[in-house]
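Data block below; observations after.
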Amino acid sequence: MAGPADSVIRGFGGRGNLPPLRLRRHTGPLDSYESSVADMLRMVDQLGLVERGDRVLDIGCGPGSMVEGLLERIDREGSYVGFDVHRPSIEWCQRRYRADPRCRFEVARLASPYATARGGPAVESYSFPIDDGECGFVLAKSVFTHLEPGEARRYLTEIRRALRPGRAAIVTTFLFEPGSRTATGHSQVFRRADAAGRLRRRSRLAPQAAVAYEKSYFYELVEQAGLRVQWLSAGFFPGESDRLTGQDVLLLGH
Ligand SMILES: C[S@@+](CC[C@H](N)C(=O)[O-])C[C@H]1O[C@@H](n2cnc3c(N)ncnc32)[C@H](O)[C@@H]1O
């Protein structure tokens, strides 16, 4: 659907707050853009993860699919911080939410295939734009599915630093079990293995397009960061699917 047609449909459909098509496409399949938000908010509510006065952090927020839902769950004392390597998405969010003093959006200028500019510091060196222990809730929705192990290690360490003790973070991933179709290369989705077989990729040409981790490997990274997996809601795990059926949702705390 062309950009102008999409904006008319967004307007008439009462969905004028949706980002334009080219930015929604940057986040993945269009047909699940809104339903994945609703699913995530349901989980946030069921687990009681956001309190009214919280500062919430949205890692890799893209064009802000979660912003409205999270703002509805905080009051005037609360605040929202989102960052992403994709400058056009962040600029759109900055324009869209400029009237709301609770919101802050930052471009992470990093060497990432998802950034519009090439070069910049390594993702492994990035510090989240947050003070220690400032966040009541941290979200990384569909971001670890694009991170290399060193990057994932760094972001988990940063989540640990940002998160107030006793509070929780949600990260989504693709996890697989040894011996599963994904682990043995029999699945249609993650065919490329790393040397140790603990990580698999969807594409050789775009290695970070979709990354799956052996569950125990990802849990090791979580523990090394000083975090604990409190709960796993399986979406892709154990890795028997031939399609990218949902993601695994991990609840982390310390
Ligand atoms: C699949 S999209 C998800 C966007 C958003 N979280 C959502 O669920 O709608 C992945 C996002 O992660 C961003 N991203 C990729 N690598 C990143 C990194 N190292 N740091 C921050 N954002 C990153 C991409 O630019 C993209 O916006």
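The values are calculated or read from the model by the stated rules, or taken from the named source; none is laboratory data. Quick caveat, the model's predicted, so the values are computed rather than measured. We place every Cβ from the backbone using ideal geometry, glycine too, and count neighbours over all the protein chains shown. These area figures cover heavy atoms from the full protein model, side chains too; ligands, DNA and RNA do not enter into them. Shrake-Rupley method; radii C 1.70, N 1.55, O 1.52, S 1.80 Å.
Whether any residue in the stretch 128-141 is of a type in the set (A, V, I, L, M), open to solvent by less than 30 Å² (accessible area, probe 1.4 Å) and near the ligand (Cβ under 10 Å from one of its atoms) is what I want to check. Before the answer, list the steps.
Kept after step one, since they are of a type in the set (A, V, I, L, M), are these residues of the stretch 128-141: 130, 138-140.
Those still in the list that are open to solvent by less than 30 Å² (accessible area, probe 1.4 Å) too: 130, 138-140.
The next check asks that each one be near the ligand (Cβ under 10 Å from one of its atoms); those that pass are 139-140.
Looking for residues that are of a type in the set (A, V, I, L, M), open to solvent by less than 30 Å² (accessible area, probe 1.4 Å) and near the ligand (Cβ under 10 Å from one of its atoms), one finds at least one in the stretch 128-141, hence yes.
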### Query
Somewhere in the stretch 178-185, is a residue near the ligand (Cβ under 10 Å from one of its atoms) and surrounded by fewer than 22 Cβ atoms within 10 Å (Cβ to Cβ)?
no
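Please specify each residue of the stretch 40-51 satisfying the condition of being touching a residue at least 40 places away in the same chain (Cβ under 8 Å) and under 18 Å from residue 249 (Cα atoms). Full working, then the answer.
Filtering the stretch 40-51 for residues touching a residue at least 40 places away in the same chain (Cβ under 8 Å) gives 40, 43-44, 47, 49-51.
40, 43, 44, 47, 49, 50, listed by residue number.
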### Query
In the stretch 87-96, what residues are open to solvent by less than 20 Å² (accessible area, probe 1.4 Å) and either touching a Phe, Trp or Tyr at 6+ places or on another chain (Cβ under 8 Å) or in a loop (DSSP other than H, G, I, E, B) (or both)?
90, 93
### Residues of the stretch 92-112 satisfying the condition of being out of contact with any Gly (no Cβ under 7 Å at 6 or more places or on another chain), within 23 Å of residue 155 (Cβ to Cβ) and either near the ligand (Cβ under 8 Å from one of its atoms) or among the charged types (D, E, K, R) (or both)
104, 106, 108, 112
### Query
Which residues, taken from the stretch 53-91, are closer than 17 Å to residue 172 by Cα and either touching a Lys or Arg at 6+ places or on another chain (Cβ under 6 Å) or within 9 Å of the ligand (Cβ to nearest atom) (or both)?
58, 59, 60, 61, 62, 64, 65, 66, 82, 83, 84
### Where a residue in the stretch 52-63 is over 13 Å from residue 136 (Cβ atoms) and its partner, wherever it lies, is more than 6 Å from the ligand (Cβ to nearest atom) and open to solvent by 10 Å² or more (accessible area, probe 1.4 Å), with Cβ under 6 Å and at least six apart
63/92
